[in-house]
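Notes to accompany the following structure.
Taken together, the values in this text are just the output of simple stated rules run on the coordinates, not laboratory data. Every value quoted in this text rests on a predicted model; they were computed, and no experiment measured them. Note: ideal-geometry Cβ built from the backbone for every residue, glycine included; neighbour counts use all protein chains shown.
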Ligand code: ATR
């Protein structure tokens, strides 16, 4: 029997998920398909019902439905509950929806596959930005035992809200630079550095030599921040891996195989 999954969003045409999941379906010889479903916010409930009626095993959730979908789920994984957003839904045989969030998994696996010995508990992490991606990353870092998470966001109220949920230390946006010498890991979760956006103005000359610098931006693959880190011989982790790794648990839940992230897949998604 052909298993079906997909991604819901509005718009959804930009999503890389079909490329990733179709690559794995072919690689593992699985009879399945993965489609995009453009569902407007006001049609979310009826749109999701149609997917259940069509017998989907589940779907990814992208902008703007990541929070709204929670109300339609019959259950939530601990991660989805803690993050307050769902990026993956698994539909069981009875048509019940379980909401999960695999972004934190994707973030951590991206780092550990690049740097297998990286110790998240060794030093504070500096997280820049306080949007949805930051929530998932902070939740995952705290589960990995980060001794302190220093959070810095342009809009302080958003950082305060995350700090209440996860117990981060707050740094003012105009004092971001002062947190750099303390950090064992620096993560940019903002869109700064993306093609067409201004650069994240952060000087890495006073970063500890053991510091790892990571960016969730993957267009360009090597952001100016990562270039500056490399120029200082700091270890770097680029953003594309998070996108690829977050897709793995979803694929396993729907199609029964835990897939690998290969160089070929990297190239496919970047092409
Ligand atoms: P996502 O869900 O991908 O994290 P988001 O929720 O829109 O996206 O969050 C975007 C993040 O990038 C926010 O932290 C945002 O800062 P604000 O909370 O102040 O809006 C940050 N960001 C975007 N553009 C920025 C800019 N020009 N300068 C500083 N921060 C910026």
State the Cα centre-to-centre distance between region 67-124 and region 198-237 in whole Å.
26
With a cut-off of 8 Å between alpha carbons and a minimum separation of six or more residues, what is the relative contact order of region 79-182 in percent?
21
Least to most buried among 258, 251, by other C-beta atoms within 10 Å and fewest first, runs 258, 251
To the nearest 500 deg cm²/dmol, what mean residue ellipticity at 222 nm is calculated for the chain from DSSP H runs of n ≥ 4 alone, each contributing -39,500 (n - 2.57), summed and divided by the residues?
-10500 deg cm²/dmol
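Mean separation of Cα pairs under 8 Å and 6+ residues apart, divided by the residue count of the chain: what relative contact order is that in percent? Working shown, then result.
Details: 514 pairs, mean separation 43.4, N = 271.
Relative contact order of the chain: 16 percent.
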Please determine, in degrees from 0 to 90 and to the nearest 10, the orientation of helix 240-255 with respect to the longest principal axis defined by the Cα atoms of the chain, where the helix direction is its Cα long axis.
30
List 164, 248 from most exposed to least, where exposure is judged by having the fewest other Cβ atoms within 10 Å.
164, 248
Take residue 169, project a point 7 Å from its Cα along the Cβ direction, then tell me which residues of region 98-137 have their backbone nitrogen under 11 Å from it.
124-126
Within the set 255, 59, 166, GNM on the chain using Cα springs under 10 Å gives the largest fluctuation to 166
For region 184-232, averaging the sequence separation of alpha carbon pairs under 8 Å that lie six or more residues apart and dividing by its residue count, the contact order in percent is 46
To test your reading of the geometry: what angle, between 0 and 90 degrees and rounded to tens, separates the Cα axis of helix 103-114 from the longest principal axis of the chain?
60
Burial-style ranking of 45-53, 100-108, average other-beta-carbon count within 10 Å with highest first, yields 100-108, 45-53
With angles folded into 0 to 90 degrees, how steeply does helix 44-53 sit against the dominant principal axis of the chain? Use alpha carbons for both and round to 10.
50
